Amino acid sequence: MKHYRLIIITTVIALTFAVPAYAYLDPGSGSIILQGILAAIAGILATIKLYWRKLKNFCRRCLGKPVEEEPKKKDDDNPKA
Amino acid sequence: MIILKRDPSSFHDPAGYVFFQENRVFRYINQSIKDEFNTVDQSGCLQKFITEHKLVDYTILSDSQKNQLSPEAALILEHPKLPFISYAYEWSFNMLQSAALLHLELHLASLEQNITMIDSTSFNIQFLGNQPCFIDHLSFRPYIENDIWWGYQSFCQQFLNPLLLQAYCKVDFQPWLKGGFATIPLTDLYEILPWHKKFNWRVFFHLGLQTKLQHKSSKKQSPATKKIRLPKSALINLLKSMHTWVKSITPHYQHIYEWQDYENLHLYSELAISEKKAFVAEFCQATNPICLWDLGCNQGEFSKTALENTAKYVIGFDIDPATIDKALLFSKKYQLNFLPLVMNFANPSPALGWNNKERKSLSERNNADSLLALALIHHLRIQNNVPLSEIINYLFSIASTGVIEFVPKTDPKVQLMLKFRQDIFMDYDYNNFIKLIQEKAAIIKTTSLTNTERKLIWYKTYD
């Protein structure tokens, strides 16, 4: 849930607080929207990457295969003295 | 106060403009963009590109030098003067392709230094000999986080579409670029592409989707489009994907001009070719051309002879784009100071753009001090009906000295041209040709080529 919120907030910020550009030429609305689609695809891919292991484990569970363990965090490897 | 002579084409970007002063080239930079230019300058990417011969050199004038020219300017740069300005509608396929690749490579390399490029126009690239070189230093600006590729549509229209027109439709792009001011609109190209090419995912994405979105959004303009941002990684991927595609496109030609392979047709004997080369060599040794125009250069064999015999720079012109592609390879193979361009002398490049001053006509860009017009004038006279006196006057207007080849009506090539038409060319005869030349020029030397009735004439105008 936290991640969804983060993605939505980031997208809203990216769209709302657009910084001024130097470009003097009209980029064409088609070109801008297409790049917006690319940005969305990039966002989706980043999200998939974020949830990839969970998705993989979900599929494995459905197929009755053993799930992969979450990699241990470095902090866990090096417990505080 | 000095009045700066702004280049008529340098008005698009309000950040600055190019002006000329006493045959020197300067770039005026506005106060509004000073900090941004300094950031770009200090990033070191411009210097890197200059070292790699990908960008024209520049020097920032000292404050006192700048104030002498214009105290209002934030900065003034000085650039070396280029030998010749050519336009995309005069380039061959490989030239436009290498210019497109250079543009993308510069953009990708500058992004590594957190610098971006704000436009994509073929007018920002010039050829120095056979190599493309970027000329607009104000195209580089500091990268703003998540900024889009502003020149995306422009790149498609000025670089990608002409290449696809040649590759997928077998149509020469040069006349289209000339008529459309170096641009082929997305909708125009997408309409005429063969149907099966529209299934190519790259065509679908870059052309089809962009065209459809353009149509839809033009009906209902949303202010949200102005706020769309693109992550840097996605921008880099877009540029890389475009680079891969552009690099993979290969030209296809519908027709082969009759004289495209004339060197292979054995119209000349080995002896005649060596006589021709010897004549050109003697002419160049005597005249030391700084810039020689080779009209109807074919692959550039005689341009090479000229360069080997004191000529400093040769610009070759040929009507056939495929031949100019060969000439470019020839120029690269022998590392010649030779710029080949596509040109139909029956319809040379006109002045184009705003007020017909933005892009200069071929005549306005004439920098030749000598010329070669080998196996050219019979095409102009017999195929294009241009009177012989007009042809001679035109050649004299290009250069005060040169070598012209006269191909008589008895020549097999001219016989072929006359095969299906009436001979209405009463003025086209060697004696009349000589008489017309002598009205305005001295004939320095003539020679007859062995085993042909072709003749070479070395002229020098009286004035």
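The values are calculated or read from the model by the stated rules, or taken from the named source; none is laboratory data. Worth saying up front: this structure is predicted, and the values here are computed from it rather than measured. Every residue, glycine as well, gets a Cβ built from its backbone with ideal geometry; the counts of neighbours run over all protein chains shown.
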Practice problem: From B:Glu282, B:Glu270, grab the single residue that is more than 14 Å from every other protein chain (Cβ to nearest Cβ) and modelled with pLDDT of 95 or more. | Solution: B:Glu282
Quiz prompt | Cβ-Cβ under 8 Å pairs, at least 6 apart or on other chains, segment B:231-242 side within 7 Å of chain A (Cβ to nearest Cβ), far side of a type in the set (A, V, I, L, M) and in a helix (DSSP H, G or I) | solution = B:Pro231/A:Ala39; B:Pro231/A:Ala42; B:Ser233/A:Ala42; B:Ala234/A:Leu38; B:Ala234/A:Ala39; B:Ala234/A:Ile41; B:Ala234/A:Ala42; B:Leu238/A:Leu38
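Looking at segment B:354-363, which of its residues are closer than 15 Å to B:Tyr89 by Cα and either out of contact with any Ser or Thr (no Cβ under 8 Å at 6 or more places or on another chain) or surrounded by 16 or more Cβ atoms within 10 Å (Cβ to Cβ) (or both)? It would help to see each step written out before you state the result.
First, the residues of segment B:354-363 that are closer than 15 Å to B:Tyr89 by Cα: B:358-362.
Correct list: B:Glu358, B:Arg359, B:Lys360, B:Leu362.
Yes/no per residue for (1) modelled with pLDDT of 95 or more; (2) over 14 Å from the mean Cα position of the chain (by Cα); (3) under 30 Å from B:Pro408 (Cβ atoms):
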site: B:Asp318; (1), (2), (3): yes, no, yes
site: B:Lys332; (1), (2), (3): yes, yes, no
site: B:Leu341; (1), (2), (3): yes, no, yes
site: B:Phe345; (1), (2), (3): yes, yes, yes
site: B:Arg365; (1), (2), (3): yes, no, no
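Can you name every residue in segment B:93-105 that is touching a strand residue (DSSP E or B) at 6+ places or on another chain (Cβ under 6 Å) and touching a residue at least 40 places away in the same chain (Cβ under 8 Å)? Don't jump to the end; show me each part of the working.
Filtering segment B:93-105 for residues touching a strand residue (DSSP E or B) at 6+ places or on another chain (Cβ under 6 Å) gives B:98-99, B:102.
Hits for segment B:93-105 are B:Ala99, B:Leu102.
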Self-check item: Which numbered condition B:Tyr58 fails, given (1) aromatic (Phe, Trp, Tyr); (2) within 27 Å of B:Lys178 (Cβ to Cβ); (3) in contact with a helix residue (DSSP H, G or I) (Cβ under 7 Å, 6 or more places away or on another chain)
Solution: (2)
Quiz item: Can you tell me which residues in segment B:14-44 are acidic (Asp, Glu), surrounded by 15 or more Cβ atoms within 10 Å (Cβ to Cβ) and under 21 Å from B:Pro80 (Cβ atoms)?
Solution: B:Asp41
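Out of the residues in segment B:199-248 meeting the condition of being in a loop (DSSP other than H, G, I, E, B) and buried (at least 18 other Cβ atoms within 10 Å of the Cβ), tell me which one is modelled with the highest pLDDT. Let's see the steps before the verdict.
Taking segment B:199-248 as the starting set, the residues that turn out to be in a loop (DSSP other than H, G, I, E, B) are B:200, B:220-222, B:228-231.
Now narrow it down to the ones that are buried (at least 18 other Cβ atoms within 10 Å of the Cβ): B:228-230.
Working: B:Ile228: 82, B:Arg229: 87, B:Leu230: 91.
The residue in question is B:Leu230.
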Quiz item: Looking at (1) surrounded by fewer than 21 Cβ atoms within 10 Å (Cβ to Cβ); (2) more than 12 Å from every other protein chain (Cβ to nearest Cβ), which is the only condition B:Pro132 fails?
Solution: (1)
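Among the listed residues B:Asn385, B:Asn366, B:Asn393, which satisfies the condition of being in contact with a helix residue (DSSP H, G or I) (Cβ under 7 Å, 6 or more places away or on another chain) and surrounded by fewer than 21 Cβ atoms within 10 Å (Cβ to Cβ)?
On the way: B:Asn385 fails: in contact with a helix residue (DSSP H, G or I) (Cβ under 7 Å, 6 or more places away or on another chain); B:Asn393 fails: in contact with a helix residue (DSSP H, G or I) (Cβ under 7 Å, 6 or more places away or on another chain).
The conditions single out B:Asn366.
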Quiz item: Pick from B:Glu390, B:Glu364: which is within 27 Å of B:Thr446 (Cβ to Cβ) and either not small (Gly, Ala, Ser) or not in a loop (DSSP other than H, G, I, E, B) (or both)?
Solution: B:Glu390
Quiz item: If a residue has to be within 11 Å of chain A (Cβ to nearest Cβ), in contact with a Leu (Cβ under 7 Å, 6 or more places away or on another chain) and aliphatic (A, V, I, L, M) to count, how many in segment B:139-165 make the cut?
Solution: 1
Practice problem: Taking B:Asp294 as the residue in question, decide whether it is of a type in the set (Asp, Glu) and assigned to a helix (DSSP H, G or I). | Solution: no
Quiz item: How many residues are within 14 Å of chain A (Cβ to nearest Cβ), buried (at least 21 other Cβ atoms within 10 Å of the Cβ) and under 27 Å from B:Asp35 (Cβ atoms) if we restrict to segment B:104-123?
Solution: 8
